[in-house]
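A.B. asks: Below you will find the structure I want to go over with you.
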Amino acid sequence: MARTLEFDYPKAIEKATRLFWKRGYAGTSLRPLLRSMGIGEGSFYNTIKSKRRAYLECLKHYSSTIGRRRGEALFSGPTAASGIRALFKTVLDCLDDPGTPSRLCLMAGSVNRDVLAEPDLRRYVHEQLAMLAERMMARLSADRDAGLLPTDFEPSLVVPIVITYLQGLWRMALVSYDRGEYERQIDTFLTALRL
């Protein structure tokens, strides 16, 4: 007979997500993780099994909440260019939010040696980045085909550049952040890409 959970699993994952987001994968040890989740070792090992699996569950939770909102922003505008600009706005809004655990996006923070050394975590991070690239590329290609972007516009060249810039933006915000300056940089960057 299967045991029933003795804790609120979604709430525990939400709390663990915030802790991993704040401290990172390598910076989060088991004791603080259990404390933040409000569960004991027995419950943890019976349901979640390992820190690695907890992190994977947190990445999934992050993708289904924060990532979903960013995806909605990408498709909110009438054009791909306005959607990409809306995506960057959600990033800046996150950086401005004092309730955000870290200036580094959890997914962007997962692009590091410790996380990528774990095959299932690496696979998930890769899948999420690939999905973002595919969605962005499809949107840009549709706009080019509809005449909303120049015929020589190359989504397959532009999308990796945008994603690389986004990854760098998260990291640079750890060093110094001024929203007005970032807005000017983003506008210059996207305008140069004809977005």
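The values are calculated or read from the model by the stated rules, or taken from the named source; none is laboratory data. Keep in mind that what you see is a predicted model, and the values were worked out from it rather than measured. Reconstructed Cβ throughout: ideal geometry from the backbone, glycine too, with neighbour counts over all protein chains shown. Surface areas here come from the heavy atoms of the whole protein model, side chains and all, with no ligands, DNA or RNA. Shrake-Rupley method; radii C 1.70, N 1.55, O 1.52, S 1.80 Å.
A.B. asks: Out of Arg103, Arg18, report the one residue that is open to solvent by 40 Å² or more (accessible area, probe 1.4 Å), in contact with a Leu (Cβ under 8 Å, 6 or more places away or on another chain) and farther than 30 Å from Pro150 by Cα.
C.D. replies: Details: Arg18 fails: in contact with a Leu (Cβ under 8 Å, 6 or more places away or on another chain).
Selected residue: Arg103, the only one of Arg103, Arg18 that is open to solvent by 40 Å² or more (accessible area, probe 1.4 Å), in contact with a Leu (Cβ under 8 Å, 6 or more places away or on another chain) and farther than 30 Å from Pro150 by Cα.
A.B. asks: Could you list all residues from region 62-84 that are more than 23 Å from Glu14 (Cβ to Cβ), open to solvent by less than 30 Å² (accessible area, probe 1.4 Å) and in a helix (DSSP H, G or I)? Break it down stepwise before answering.
C.D. replies: Filtering region 62-84 for residues more than 23 Å from Glu14 (Cβ to Cβ) gives 74-84.
Next, from what is left, pick out any that are open to solvent by less than 30 Å² (accessible area, probe 1.4 Å): 74, 77, 80-81, 83-84.
Correct list: Leu74, Ala80, Ala81, Gly83, Ile84.
A.B. asks: Of the residues Leu87, Leu59, only one is under 29 Å from Asp8 (Cα atoms), hydrophobic (A, V, I, L, M, F, W, C) and out of contact with any Asp or Glu (no Cβ under 6 Å at 6 or more places or on another chain); which?
C.D. replies: Of Leu87, Leu59, the one residue that is under 29 Å from Asp8 (Cα atoms), hydrophobic (A, V, I, L, M, F, W, C) and out of contact with any Asp or Glu (no Cβ under 6 Å at 6 or more places or on another chain) is Leu59.
A.B. asks: Read through the list (1) small (Gly, Ala, Ser); (2) without any contact (Cβ under 8 Å) to a residue 40 or more places away in the chain; (3) not in a helix (DSSP H, G or I), then give the number of the only condition that Ser102 fails.
C.D. replies: The failed condition is (2).
A.B. asks: I'd like to know if region 34-51 contains one or more residues that are touching a residue at least 40 places away in the same chain (Cβ under 8 Å) and assigned to a helix (DSSP H, G or I). Working first, answer last.
C.D. replies: Of the residues in region 34-51, the ones touching a residue at least 40 places away in the same chain (Cβ under 8 Å) are 46-47.
Next, only the ones that are assigned to a helix (DSSP H, G or I) stay: 46-47.
So far as region 34-51 goes, yes, one or more of its residues are touching a residue at least 40 places away in the same chain (Cβ under 8 Å) and assigned to a helix (DSSP H, G or I).
A.B. asks: Name the single residue, out of those in region 160-195 being more than 21 Å from the chain's Cα centre (by Cα) and not in a helix (DSSP H, G or I), that is surrounded by the fewest Cβ atoms within 10 Å (Cβ to Cβ).
C.D. replies: The residue in question is Arg194.
A.B. asks: Please name all residue pairs, on different chains or six or more residues apart, with Cβ atoms under 9 Å, provided the first residue is in region 127-138 and is over 15 Å from Glu72 (Cβ atoms) and in contact (Cβ under 8 Å) with a residue 12 or more places away in the chain and the second residue is open to solvent by less than 50 Å² (accessible area, probe 1.4 Å) and among the hydroxyl-bearing types (Ser, Thr, Tyr).
C.D. replies: Partner pairs satisfying both residue conditions: Gln128/Ser63; Gln128/Ser110.
A.B. asks: With assigned to a helix (DSSP H, G or I) and at pLDDT below 95 as the only criterion, which of Ala108, Ala54 stands out?
C.D. replies: Values: Ala54 fails: at pLDDT below 95.
Being assigned to a helix (DSSP H, G or I) and at pLDDT below 95 holds for just one of Ala108, Ala54, which is Ala108.
A.B. asks: Check Ala80, Ala86, Ala108, Ala12 and return the single one that is closer than 30 Å to Leu190 by Cβ and touching a Gly at 6+ places or on another chain (Cβ under 8 Å).
C.D. replies: Within the list Ala80, Ala86, Ala108, Ala12, the selection yields Ala86.
A.B. asks: Given the structure, is Thr151 surrounded by fewer than 16 Cβ atoms within 10 Å (Cβ to Cβ) and within 24 Å of His61 (Cα to Cα)?
C.D. replies: Working: surrounded by fewer than 16 Cβ atoms within 10 Å (Cβ to Cβ): yes; within 24 Å of His61 (Cα to Cα): no.
Taking the combined requirement at face value, the residue does not satisfy it.
A.B. asks: Shifting gears a bit: Only residues that are open to solvent by 60 Å² or more (accessible area, probe 1.4 Å) and in contact with a Phe, Trp or Tyr (Cβ under 7 Å, 6 or more places away or on another chain): list them for region 116-147, please.
C.D. replies: The one that is open to solvent by 60 Å² or more (accessible area, probe 1.4 Å) and in contact with a Phe, Trp or Tyr (Cβ under 7 Å, 6 or more places away or on another chain): Arg144.
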